[in-house]
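Remarks on the structure that follows.
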Amino acid sequence: MDRNWLRSAAKRYDESNRATLEFILSRKPLMGAFVDTKVHSITGENYNGTSGIRGPKFTFGWIQARALEALITFTHFYRDRDTSLSRRLTDRAKLLFEGLDALFRRDGHVYFLYDSDLNPVFETAGSTIRQQIEPSIFTYSDAFAAKGLFAASRVFAPEQSSAYLNYLLSVIESVEDGRFQMNETIPISRQSLSEQADDFGPRMILLGAAGLLHRHGETTNTKFANRFIDYVFDRHYHAQTGLLLNVAKDDTCNVGHAIELCGFGFEHLQAIPDDTRLHKLVSVLVQSLQVGLQGPGIALYLSAKTGRATSKYYPWWPMPEAIRACALGMHLDPSLHLFDLWKKCDDTFFNNYWQKEKGFAVQTRDLLGPVDFVPATPDLDPGYHTGLSLLGAVQTIDRLLKG
């Protein structure tokens with residue numbers, strides 16, 4: 001373990017996070033509440049009223065929910081390190097909390113996309129259609145919102161924390177009893193549920209709630225985490241390749257999601273150690289990186305059978321997720337051979353994606369360079385994938401250097 005490299009990496013990660021946070025804080029809230037990351041990731045130009053759903057007339061609940069979790073997490077982190085930054089983050093997080101809280105109180109859910117009147121909609125054929133309201137069905141936007149609203153309520157509205165904890169637990173429950181819809185760009189309905197495959201994505205995302213709950217003193221509510229890990233390995237682990245299949249018996253692998261699962265699993269195992277689950281996760285992390293790191297990063301999809309990329313797109317987010325996962329894995333078991341992979345992921349991210357002068361990464365690239373392809377939303381990452389991943393690495397480096 002190269003201690004000098006670790007110190008340098010921690011400094012680089014913190015500087016990158018500060019740049020992103022200053023970018024967010026420099027931009028006026030939309031509708032008085034919502035963060036504005038509506039910027040083209042390659043040109044740096046603002047989207048406007050002619051940009052369709054990329055523009056300021058539309059609000060992505062998915063992004064705002066992620067932003068709330070990120071802002072409140074950084075508020076805590078910088079409280080004793082940079083009181084001025086922490087205070088500014090708190091002020092912005094409070095506005096966002098109030099905005100998302102109002103949407104949740106109105107609908108009982110948070111939705112992927114809202115129009116200029118904050119009606120839930122989805123895009124189709126160049127226009128938008130009002131989204132169906134199905135109270136018993138939950139989505140990724142609910143998952144992100146429940147995490148962010150729960151964490152923020154502990155600061156801004158403690159009397160609402162139990163309600164938001166119940167919201168989060170309801171989302172988790174919906175995954176286990178078949179009421180979680182992955183695709184939010186179609187009608188939210190029982191029919192849509194019946195047609196979707198059993199992808200491990202929902203369990204992966206909500207495994208991240210375990211670390212959040214541990215940090216907020218709610219370890220008793222994390223029993224689902226081990227069940228989620230076991231379910232994924234029972235149903236999606238491909239023994240012949242050591243990779244996780246998106247859907248059992250299907251050749252497609254989203255190794256970025258596998259890496260993210262490992263990072264969230266490691267966060268959980270810091271609080272509740274389990275060597276058997278740790279070694280399974282480490283095995284998948286190593287194999288996913290050894291197979292997945294090709295070309296300029298990690299392709300959106302690859303074939304388990306051949307190990308070759310089946311998508312020409314290489315999104316930015318697997319790289320910071322890999323940085324966090326490698327750091328956490330090393331801390332849990334220093335004997336693991338993750339350091340070289342960590343350094344390779346670091347080098348790939350900062351050389352191929354990160355734009356230091358802008359304070360954010362290029363969203364997607366191909367073999368030739370950056371391309372205008374939206375991996376999930378056109379809004380830039382609000383300190384979630386990149387920010388929280390690099391923050392996790394900073395905190396882990398601190399523990400490694402003290403160990």
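The values are calculated or read from the model by the stated rules, or taken from the named source; none is laboratory data. Not measured: the values here are computed from a predicted model. For neighbour counting, all protein chains shown are included, and Cβ atoms are generated from backbone atoms with ideal geometry for every residue, glycine included.
Computed quantities for the displayed model
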| quantity | calculated |
| --- | --- |
| Unique residue being in contact with a strand residue (DSSP E or B) (Cβ under 8 Å, 6 or more places away or on another chain), at pLDDT 95 or above and more than 19 Å from Ala299 (Cα to Cα) when the list is Phe360, Phe349 | Phe360 |
| Complete set of residues in segment 331-344 that are in a loop (DSSP other than H, G, I, E, B) and among the acidic types (Asp, Glu) | Asp333 |
| Hits in segment 287-312 (condition: of a type in the set (S, T, N, Q), surrounded by fewer than 20 Cβ atoms within 10 Å (Cβ to Cβ) and outside any loop (DSSP other than H, G, I, E, B)) | Gln287, Gln290, Gln294, Ser303 |
| Filtered residues of segment 180-195 (kept if within 21 Å of the chain's Cα centre (by Cα), part of a loop (DSSP other than H, G, I, E, B) and not β-branched (Val, Ile, Thr)) | Met182, Asn183, Glu184 |
| Qualifying residue in segment 63-76 (condition: over 21 Å from Phe156 (Cβ atoms) and among the basic types (Lys, Arg)) | no |
| Residues of segment 340-382 classified as in contact with an Asp or Glu (Cβ under 9 Å, 6 or more places away or on another chain) and either of a type in the set (Phe, Trp, Tyr) or at positive phi (or both), total | 3 |
| Residue match in segment 252-266 (condition: over 29 Å from Thr377 (Cβ atoms) and modelled with pLDDT of 95 or more) | no |
| Per-region count, segment 17-59, residues closer than 22 Å to Met319 by Cβ, surrounded by fewer than 22 Cβ atoms within 10 Å (Cβ to Cβ) and touching a Leu at 6+ places or on another chain (Cβ under 7 Å) | 1 |
| Test: residue in segment 199-209 that is out of contact with any Ser or Thr (no Cβ under 9 Å at 6 or more places or on another chain) and without any contact (Cβ under 8 Å) to a residue 12 or more places away in the chain | no |
| Every residue from segment 350-369 that is part of a strand (DSSP E or B) and crowded, with 18+ Cβ neighbours inside 10 Å | Trp354, Phe360, Ala361, Thr364, Arg365 |
| Residues located in segment 1-16, provided they are buried (at least 16 other Cβ atoms within 10 Å of the Cβ) and not polar (S, T, N, Q) | Leu6, Ala9, Ala10, Arg12, Tyr13, Asp14 |
| Subset tally (residues that are farther than 22 Å from Leu388 by Cα and surrounded by 23 or more Cβ atoms within 10 Å (Cβ to Cβ)) for segment 263-281 | 0 |
| Residue within segment 235-255 that is in a helix (DSSP H, G or I) and within 22 Å of Lys344 (Cα to Cα) present | yes |
| Gly217 vs. criteria part of a loop (DSSP other than H, G, I, E, B) and either within 19 Å of Ala143 (Cα to Cα) or free of Cβ contacts under 8 Å to residues at least 24 places away in the same chain (or both) | yes |
| Selection status of Val247, in contact with a Gly (Cβ under 7 Å, 6 or more places away or on another chain) and among the aliphatic types (A, V, I, L, M) | no |
| Scope segment 15-50; condition in contact (Cβ under 8 Å) with a residue 12 or more places away in the chain, in a loop (DSSP other than H, G, I, E, B) and not aliphatic (A, V, I, L, M); matching residues | Pro29, Gly32, Asp36, Thr37, Lys38, His40, Ser41, Gly44, Tyr47 |
| Verdict on Tyr301 being farther than 18 Å from Leu212 by Cα, of a type in the set (Ser, Thr, Tyr) and touching a Pro at 6+ places or on another chain (Cβ under 7 Å) | no |
| Only one of Asp347, Asp372, Asp381 that is outside any strand (DSSP E or B) and closer than 20 Å to Ala258 by Cβ | Asp381 |
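Let's see how each residue does on (1) over 17 Å from Leu244 (Cβ atoms); (2) crowded, with 17+ Cβ neighbours inside 10 Å:
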residue	(1), (2)
Pro318	no, yes
Met330	yes, yes
Pro334	yes, no
His337	yes, no
